[in-house]
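Bear in mind that the values in this text are calculations on the coordinates, not laboratory data. As the structure is a computational prediction, the values presented were derived from the model and not from experiment. Positions of Cβ are backbone-derived with ideal geometry, glycine not excepted, and every protein chain shown enters the neighbour counts.
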Amino acid sequence: MGDTLAEIRQAVIERQRDRIEGLVREVLDEGMEPNVVINNGLIPAMDEIGKMFTEHKIFVPEMLVSAMTMKMGLEVVKPLLKGAQSEPKGTVFLGTVKGDLHDIGKNIVGMMLEGAGFRVVDLGVDLTVEKLMEQVETQSPDIIGLSALLTTTMPEMERVVQELEARGLRDRIKVMVGGAPVSPAFAEKIGADGYGGDAAQAVELARRLSGADR
Ligand code: B12
C-alpha cells in the first residue's frame, strides 16, 4: 500500500491524469483510510509541486495540471468522507478570499467538515466581502471559514471581520481562517476566532467554535 501511496504522489507531481483515479481506488479498496490517502498521498504531492515552482523547475501551466490531477483524486475519496448525520452540527460558510483562486485546501476542509456533520455552504473562490455579506444576510451561518494562499490576499480576511463588526453580526458569527501563509498570530491580529493549520484542525476548531464539542 505504501508503494501505491508513493505512486499517487508521483501521479500528481507528473500530472498523470489517466492514472490517478485508479491508484486512489486501489488503496481505498485495500482498506486505506481516506484521511491517509489525502494527508500522506495527495497533500504532500502539492507541497512538492510548490517547491518545484519556487525553484523554477515547473511553471503555472504544470502547477495547474497537477492541481487538476489532485482534484480528480480527491473526487474519488470524497463520497467516503460524508458522515451519515441527521442533525447538522452547524452551518459553515467557506470561501477563498477575493483575488485568490486557490481552492484545493478549502475543498479538503469542506469535505472534512461535512464528514464531521457540519452543513457546508461553499461560496467558491475570489469571494468578495460584498458577495459574502449578501449570503450572510440570507442564510446566517454559525461560522465563516476563509482560505488564502497568497500573502497579497490575506488582508481580505481582516475586511470580513471588520464588515461583520460594522453590521453588528460579529458576536453571532465566528470566523476561522487558514491557508499556507496564514498563522495563529495573524488570526489573532485581525480579530478572527481561530486558525486551523490543516483540515483536521479546521474540524476541531469548528466543533469548538460552534459549541458542538460540549
Ligand atoms: C496548486 C497551486 C496553484 C494552482 C491552484 C489551483 C487550485 N484550483 O487551487 C494555480 C496554478 C491556479 C496557482 C496559481 C497561482 N499561484 Co499558486 N500554488 C499552488 C500550490 C503549488 C499548491 C497549493 C495547494 O493546493 N496546496 C495543497 C493544499 C491541501 O494545502 P493548503 O491550500 O495550504 O490547505 C491546507 C491548509 O492550509 C488548511 N486550510 C486551507 N484553507 C483553509 C481554510 C480554513 C478556514 C482553515 C481552518 C484551514 C484551511 O487546510 C488545508 C488542508 O490541509 C502552492 C504551493 C504551496 N505549497 O502551497 C502555490 C502557491 C500558493 N502559488 C503561488 C503563486 C505565486 C501563484 C500565482 C500568483 C502564480 C502566477 N504567477 O500566476 C497564481 C495566483 C492565482 C490566484 N489569483 O490565485 C505562491 C504564493 C506565494 C505567496 N507568498 O503569496 C505559492 C506558495 C507557490 C510558491 N512557492 O511560490 N497556484
For this session: State the number of residues belonging to the stretch 144-179 that are charged (D, E, K, R) and touching a Leu at 6+ places or on another chain (Cβ under 6 Å).
Result: 2
Exercise. Could you say which residue among V77, V121 is of a type outside the set (S, T, Y), in contact with a Pro (Cβ under 9 Å, 6 or more places away or on another chain) and part of a strand (DSSP E or B)?
Worked result: V121
Exercise. Considering A185, A192, A166, A199, which residue is of a type in the set (A, V, I, L, M, F, W, C) and touching a Gly at 6+ places or on another chain (Cβ under 9 Å)?
Worked result: A199
For this session: Would you check which residues across the stretch 106-125 are near the ligand (Cβ under 8 Å from one of its atoms) and touching a strand residue (DSSP E or B) at 6+ places or on another chain (Cβ under 6 Å) and list them?
Result: K106, V125
Exercise. Listed residues A212, A185; which is more than 11 Å from the ligand (Cβ to nearest atom), within 13 Å of L113 (Cα to Cα), small (G, A, S) and out of contact with any helix residue (DSSP H, G or I) (no Cβ under 7 Å at 6 or more places or on another chain)?
Worked result: A212
Problem set entry | Residues located in the stretch 29-43, provided they are surrounded by 17 or more Cβ atoms within 10 Å (Cβ to Cβ) and part of a helix (DSSP H, G or I) | P34, V37, I38, N40, G41, L42, I43
Seminar exercise, completed: Taking the stretch 29-49 and the residues there that are over 17 Å from the mean Cα position of the chain (by Cα) and more than 8 Å from the ligand (Cβ to nearest atom), the one that is nearest to M63 (Cα to Cα) would be E48
For this session: For E87, work out the one condition from (1) assigned to a helix (DSSP H, G or I); (2) of a type outside the set (A, V, I, L, M); (3) surrounded by fewer than 18 Cβ atoms within 10 Å (Cβ to Cβ) it doesn't fulfil.
Result: (1)
